[in-house]
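Visitor: Below is a structure I'd like to ask you about.
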Amino acid sequence: MSTSITSKNGNIRMNPPVFYFAASFILVFGLVVIAAPQRAGQWLLAAQNWAANTVGWYYMLAMTLYLVFVVVTALSGYGKIKLGADHDEPEFSYLSWAGMLFAAGISITLFFFCVSEPLTHMLQPPQGEAGTVEAGRQAMQLLFLHWGLHGWGVFAFVGMALAYFAYRHNLPLALRSALYPLIGKRINGPIGYAVDGFGIIATVFGLGADMGFGVLHLNSGLDYLFGIAHTQWVQVMLITLMMGAAIIVAIAGVDKGVRVMSDINMLLACGLLLFVLFAGPTQHLLNTLIQNLGDYLGALPNKSFDVYAYKQPSDWLGNWTVFYWAWWIAWSPFVGLFIARISRGRTIREFVFGVLLIPLGFTLAWMSIFGNSAIDQVLNHGMTALGQSAIDNPSMTLYLLLETYPWSKAVIAVTVFISFVFFVTSADSGTVVLSTLSARGGGPDEDGPNWLRVFWGVMTGLVTSGLLFAGSIDSLKSAVVLTSLPFSLILLAMMWGLHKAFYLESQRQIAQLYSLAPVAASGRGMGGWRQRLSHALHFPSRDEVYRFMESSVRPAIAEVTAVFAEKGLNVATQEDPSHDNVSLEIGHGEERPFIYQVQMRGYFTPSFALAGIGAHELKNRRYYRAEVHLSEGSQDYDLVGYSKEQIINDILDQYERHLQFLHLVR
C-alpha cells in the first residue's frame, strides 16, 4: 500500500464528496420523518420486519465473522505486528490505556437496558415458557449475548483497521484506507468517499438511537423526581439542551474539565453498581454473575448462529438480536476511531484482547447485577408491576427497581445526574468523530473543524427528534437496522483488505530474509580493528551527525535519485523542514513504492561512555544516530561512519529486497 514516512497534508478541512453525500442523505431523511412522522414510522417498521425476515441470518453471520477474524488474527503470527512503525512505543501506560478502554464501555444505554431488557426477555421469551426461573436464566444469556463479545469484536476490528493503516502505513485515518490493498489510489475517489459517507450515515443513526434511548431514560427520571411530563415535546427540549451543551463543549475544547467530570461520573457509576450489589441480595447476585458468565460462554457458539429457524416466525429476532448487531455496527466507526487513537504502538494481539476483555468485564458485571436484581424482585418478591413496566414503559423500569432500595430518592437523583453527563460526553465525542470522518488533511491525531462539529451535532439532534416523533423506540431500532446494512458490507470488504495487507506484510518479512551481502562487511572500518573499535565506542553529537548527513547521506541519495530517474522511474526525495531526515521514494505504478529514509534520532548516552562528566550533565547528555527507516519503520541500524559508496550500496540492497517482495506478491 502507498505509504510515506513523513506526511505533510496541510490544515484539516472539510472533505466535500464525503460531507455532501452523507449530509444530503441524513438531511432528507430527517425532514421526511419530521414532515410525515406516522407514515414514516409505519414505513420504517415494515422495512425492519423485511430486513429481519430477509437478512437476519446475514447479520448473525457477519457479526460472528468480525469476531472470529479479530481473534484468529490476534492468535496468529500477525498478532505481533505493531499498530504503528516497528520502533513505535505506546503513548499511554498499560494502566491508563486500560482505564480509557474501561470508560469506552459505559454509555447511557446501559441504564436504559440493564433492567428493562432481561425482564422483557423473561416475560416474552423467544422460546419456552414465560415468567419462570428457566426463562430468567435464558433472559440473562440473551442479555450477555447482546452486550458481549460480538459487539466488542466489531469495535476491535474497525479500531484495528483504522490504526493499522493510519499509523503503520501513514494513510488517512479514514475507513476508506482499509480498502487500499484492494483498489489502490482509488480510495481517494468516488468508491473511497462513498465508504466514508456510508460510515458517517451509520454513525449518525447509531448515535441517534443512543441519544433517543438516553432522552427517554432522562425524561422518565425527571418525571419520577419532579413530575415533568413524559411527552415528545419535552424530549425534543431535552435533546436541544443537551446537544447544545455537547456542541459548546466540542467547540470550546474544554478537554480537562470534561475529563474531570467524566472521571467523577465513572466513580459515581461504579459506586451505584456497588450500592446495588451490597444493598441487595449480595450472595445471590455474585452467584448469578458467575452462573451467567458460564451460561454465556457455554452457549456462545450456538447462540451466535441461532436464528430460531425451527420456531414459529415472529418479530423477536428483528426487534432484539438483529437490532443489536446493526447498532454495534453503526457505532463501530465512533468507538473504533477512539480506541485506534489511544492504541498507537501496541501490538495487534494486546490491542484485540484488551479491547475485547477490559470493557466487557464491567459491562457484563453491570448487566448481571442490575438484571438479576430485577429478576429476583419479580420472581421472588412478587413485583409484577416492575415486569409490566419493562414491557409498557421500559425507560422507567430502572427507577422502579431503585425505588426498592434504601435512600431511593437520592440514589435516583444521582442516577439521573450520571445519565446526563454520559449523554453530554457521548454526544460531544460523537460530534468530534463525525467531523473527523467528514474531513481530510491534517494528521491522524487532528480533529475536524469546529463548524463541522456544530453541523453534525444539529443533524444528530434532528434525526433523533424525528425518529422519536415517528414512533419512539420502534422507529429508532428500524432506522439503525436499515442504515447499518450497507455499512456491514463495507466492513466485510475492509476485512478482505486487512487480510491482504497482513499477507503483504508477511511476504515483505520473507523478502527481508533473503541473503544479501551486508554493507558493514564490505568495507566499514577499513582502517583496521582499532578504528572499528573506536567507532563502536564513539557516541556522536547532533552536530557531528548533521555534518555526516550533509557530507555523505544527501550526496548518496542525490546520486541514486539521478540514476533511477534516468531509468525512467518515478523518483521523489523529501526533506523535513528541520533537516533531521531525508527520504527517497521510488514509485512502481500501482505496485507498492520503495521508501528509504535516513533520520537523525537522539538517545541518552550510556553512563560507561561518560566517565568524568558531572551528574547533571550526564543525565541530559544525548548522542545521535543516522537510522535507516523503510515504509514499515526503523530498521534499527546506524549509517554513521559509512562512506557515500557504502550508503549507496545499502540503498541498493534494500531496493533489491523490495523488488523481491514485489515478486513474491505479484
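The values are calculated or read from the model by the stated rules, or taken from the named source; none is laboratory data. Computed from a predicted structure; not experimentally measured. Virtual Cβ from ideal backbone geometry, glycine too; neighbours counted across all protein chains shown. Only protein heavy atoms, including side chains, enter the accessible area calculation; ligands, DNA and RNA are left aside. Shrake-Rupley method; radii C 1.70, N 1.55, O 1.52, S 1.80 Å.
Visitor: Work from the charge dipole of the chain (Cβ charges, +1 for Lys and Arg, -1 for Asp and Glu, about the Cα centre) and give the residue of T288, F338, Q599 farthest towards its positive end.
Guide: The residue sitting farthest along the positive end of the dipole is Q599.
Visitor: With the cut-off at 26 Å, tell me which of the pairs K80/K567; K311/K477; K82/K500; K500/K567; K80/K644 have Cα atoms farther apart than that.
Guide: Among K80/K567; K311/K477; K82/K500; K500/K567; K80/K644, the Cα-Cα distance tops 26 Å for K80/K567; K500/K567; K80/K644.
Visitor: Can you tell me the equivalent ellipsoid semi-axes for the chain? Use √(5λ) from the Cα gyration tensor, largest first, whole Å.
Guide: So the equivalent ellipsoid measures 53, 27, 24 Å along its semi-axes.
Visitor: With point charges of +1 on the Cβ of Lys and Arg and -1 on the Cβ of Asp and Glu, referenced to the Cα centre of the chain, which listed residue (A209, G192, S541) lies farthest in the positive direction of the dipole?
Guide: So the residue we want is S541.
Visitor: So for the stretch 111-207, considering every pair of alpha-carbon atoms, how many percent are separated by more than 17 Å?
Guide: For the stretch 111-207, the fraction of Cα-Cα distances above 17 Å is 65 percent.
Visitor: Highest mean first, how do 355-367, 112-124, 290-302 rank when packing is the count of other Cβ atoms within 10 Å averaged over residues?
Guide: The packing order, highest mean first, is 112-124, 355-367, 290-302.
Visitor: Also, I was wondering about something else. Excluding residues fewer than 8 places away in the same chain, name every one of the aspartates and glutamates whose C-alpha is closer than 15 Å to that of K409.
Guide: Excluding near neighbours in sequence, the set is D223.
Visitor: Right, here's the next one. Taking 10 °C and 1.306 mPa s as the conditions, I'd like the Stokes-Einstein D for the stretch 275-387 in µm²/s, using the Kirkwood hydrodynamic radius from alpha carbon pairs.
Guide: D, rounded to a whole number, is 92 µm²/s.
Visitor: While we're here: Evaluate the charge dipole of the chain about its Cα centre and quote only its size in Debye, nearest 20, assuming +1 on the Cβ of each Lys and Arg and -1 on the Cβ of each Asp and Glu.
Guide: 760
Visitor: With just the Cα atoms of the stretch 417-496, tell me how far they stretch along each of the three principal axes, in Å, largest first.
Guide: 41, 38, 23
Visitor: Given H placed on each backbone N at 1.01 Å, which residues far from V582 in sequence or on other chains put an amide H within less than 5 Å of it?
Guide: V598
Visitor: Report, to one decimal in Å, the Kirkwood hydrodynamic radius for the stretch 80-141 based on all distinct Cα pairs.
Guide: 15.2
Visitor: Counting only residues 5 or more places away or on other chains, whose amide H sits under 5 Å from the amide H of A439 once H atoms are built in the peptide plane?
Guide: The answer is N15.
Visitor: Treating only the Cβ of Lys, Arg, Asp and Glu as charged (+1, +1, -1, -1), what charge dipole size does the stretch 434-511 show about its Cα centre? Round to the nearest 20 debye.
Guide: 180
Visitor: Could you give the alpha-carbon Rg of the stretch 262-310 over 2.2 N^0.38 Å, rounded to two decimals?
Guide: After normalising by residue count via 2.2 N^0.38 Å, the value is 1.68.
Visitor: Could you give the distance between the Cα centres of the stretch 51-65 and the stretch 618-666, to the whole Å?
Guide: So the two Cα centres are separated by 48 Å.
Visitor: In the chain, with Lys and Arg counted as +1 and Asp and Glu as -1 at Cβ, which of these residues, F21, L268, L123, has the Cα nearest the positive end of the dipole, that is, farthest along it?
Guide: Going by the charge dipole, the pick is F21.
Visitor: What order do you get for 280-286, 418-424 when each peptide is scored by the mean count of other beta carbon atoms within 10 Å, highest first?
Guide: Output ranking for 280-286, 418-424: 418-424, 280-286.
Visitor: Normalised by the residues of the stretch 336-487, what does the relative contact order come to in percent, with Cα pairs under 8 Å and at least six apart?
Guide: RCO, the stretch 336-487: 12 percent.
Visitor: Counting alpha carbon pairs within less than 8 Å and at least 6 residues apart, what relative contact order, in whole percent, applies to the chain?
Guide: Normalised by residue count, the contact order of the chain is 26 percent.
Visitor: I'd like to know how the stretch 173-278 sits against the 2.2 N^0.38 Å rule of thumb: what's its Cα Rg over that expected value?
Guide: Relative to the rule-of-thumb radius for its length, the stretch 173-278 sits at 1.53.
Visitor: I've got another one for you. Between the stretch 163-213 and the stretch 399-462, what is the separation of their alpha carbon centroids in Å?
Guide: 22
Visitor: Once neighbouring chains are kept in place and the probe is 1.4 Å, which whole percent of the accessible area of the chain is contributed by carbon and sulfur?
Guide: 62
Visitor: Applying 1/(1 + (r/R0)^6) with R0 = 35 Å to the Cβ-Cβ distance of L537 and L652, what FRET efficiency is obtained, to the nearest 0.05?
Guide: Here the calculated transfer efficiency is 0.75.
Visitor: Divide by every residue of the chain the summed helix terms, -39500 (n - 2.57) for each DSSP H run of at least 4, and state the resulting mean residue ellipticity at 222 nm, rounded to the nearest 500 deg cm²/dmol.
Guide: Using -39500 (n - 2.57) per qualifying helix, the result is -22500 deg cm²/dmol.
Visitor: Could you sort 474-486, 51-63, 632-644 so that the peptide with the highest average Cβ count within 10 Å comes first and the rest follow in order?
Guide: Output ranking for 474-486, 51-63, 632-644: 474-486, 51-63, 632-644.
Visitor: Largest first, what is the accessible-area ranking of H588, H169 with a 1.4 Å probe?
Guide: H588, H169
Visitor: With +1 assigned to the C-beta of every Lys and Arg and -1 to the C-beta of every Asp and Glu, and no other charges, what is the dipole magnitude of the stretch 180-288 about the Cα centre in debye, to the nearest 20?
Guide: 320
Visitor: Per residue of the stretch 282-296, what does 6.51 cos²θ - 1.76 cosθ + 1.60 with θ = phi - 60° give for ³J(HN,Hα)? Whole Hz please, x for Gly and Pro, Karplus curve as stated.
Guide: With coefficients 6.51, -1.76 and 1.60, one gets 3, 4, 5, 5, 5, 4, 5, 4, 5, 4, 4, 4, x, 4, 5 Hz.
Visitor: Also, I was wondering about something else. What residues qualify as long-range amide H neighbours of Y637, i.e. H under 5 Å apart, gap of 5 or more or another chain, H built at 1.01 Å from N?
Guide: V628
Visitor: Measure out, as a whole number of angstrom, how far apart the alpha-carbon centroids of the stretch 311-348 and the stretch 553-609 sit.
Guide: Cα centres, the stretch 311-348 to the stretch 553-609: 42 Å.
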